[in-house]
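Here the structure comes first, spelled out in structure tokens, and everything after it is commentary.
The values are calculated or read from the model by the stated rules, or taken from the named source; none is laboratory data. Because the structure is a prediction, the values reported are computed rather than measured. Virtual Cβ from ideal backbone geometry, glycine too; neighbours counted across all protein chains shown. Accessible surface areas use protein heavy atoms only, side chains included; no ligands, DNA or RNA. Shrake-Rupley method; radii C 1.70, N 1.55, O 1.52, S 1.80 Å.
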Amino acid sequence: IILNDAERRKVIYQPTLEEVYQSPELYKAYPELRDIFVAYEDMQNLIEGYYDPEMNMISLNIKLSEGKAKSVLVHEIQHIIQEKEGFTQGTSLEAVWGNEAAKYAREVYEGAKNDAEEQGATLDDEFLMRGAARAAYHHVTGEVQARNVSARMDMTAEERRQKLLSETEDVAREDQIVLMDALSGGESYAQEQTPIQPEDKITREDIQAVRAIPGKSVNDFTSEETQATENWARKFWRELKTKSPFFRAWFGDWRVNDKTPIKTVTVKGTKANLKKGTYKNNDTQWDIEVTNRVVNETENHSKRNRQLFIDALGNIDEIIENAILLDSVTRSEPETDAEIKRKVDYAFMHSLYAVVEDNSTGERFLAKLFVNEYYKQQGDGTKRQAYELRDITKTPL
């Protein structure tokens, strides 16, 4: 049996907006909104919801939590009001390339592609364009306004009066893209980091935002977690460009297919040759500090090929220089007495990988260098320190 839209609604119950969202003031101003249908769909992960004017229905991603579903629902209601009032409207990823946002999307696309080429990496055009479209979508005024309505929905009336709309918008007015032609079919997407943003210094509040997330790879962040750590996303973009963990989580991890040659580090010394100091990592251009801590942690945790990797600390400067960043995990354990005393807040544990060779046998092993990123309250931002060197292969490469 083939059912049309009206018949399908009779078979599969879909509540109206008034049944799932209580807002007497909204329905007083826009009574026609009462009868909009609300449905859940199994959508692509990054799409959170959309409004279909032909079916008069708001669809939400079935994977959303209750709180997030409410936020997306309010987002879509705002798009409907924008259309009714003739305000600047939202857009979709596909529509971006055909409106005023296209210029911004092209700039992001070309910038990311040039950065990748300078670093000797090849990025797939499809996800480059998708990411550039998402960046432009994020800056469209109609989308900024819709996100702002969601952000303010739990404020009291007094809080709304005290806070200007511009104070709670996540893109500055001068950086927004105003669409001259009204566009329908706006969609809501998971909020990932925006590649081009003004510089924001990391603060202790940003550290707390990271530590509120249980030890988790940036690759596995939810949209809410990405939004809560947006300053980190901007920081890593400035430092790493396409190598940023947020960029790779957003576009897809292109490093899986990265064919850039890696220099093998030959282990010639022992830990007695450890050179304390600060060394630059070529892959990230990060300065990484070496102290006795990397010795203590490596000795305490090494199991396979233990002596080789303790000896490899004598070449820690070369390992740092040639290691490749592949993952970043949040530090979430409670603050220790030592941390409080030293006024240090740990944020991320980065995993950098290097190939080491046993000078006596010629065998090669894959080494994992853990690097702490921390915020020192009396300093000028974040710093990085080598934490542990570990053998992650049971047999030689």
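Quick rundown of the values:
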quantity: Among (1) under 15 Å from L389 (Cα atoms); (2) within 30 Å of the chain's Cα centre (by Cα) - the single one D311 does not satisfy; calculated: (2)
quantity: Close pairs from the range 141-168: first in contact (Cβ under 8 Å) with a residue 40 or more places away in the chain, partner in a helix (DSSP H, G or I) and charged (D, E, K, R), Cβ under 8 Å, at least 6 apart; calculated: A146/E76; M153/K70
quantity: Criterion (basic (K, R), modelled with pLDDT of 80 or more and crowded, with 17+ Cβ neighbours inside 10 Å) met by exactly one of K84, K113, K103, K70; calculated: K70
quantity: Residue list for the range 17-30, filter: more than 13 Å from V74 (Cβ to Cβ) and not in a helix (DSSP H, G or I); calculated: Y30
quantity: When residues of the range 303-350 are limited to those that are modelled with pLDDT under 70, touching a strand residue (DSSP E or B) at 6+ places or on another chain (Cβ under 9 Å) and in a helix (DSSP H, G or I), the one least open to solvent (accessible area, probe 1.4 Å); calculated: E339
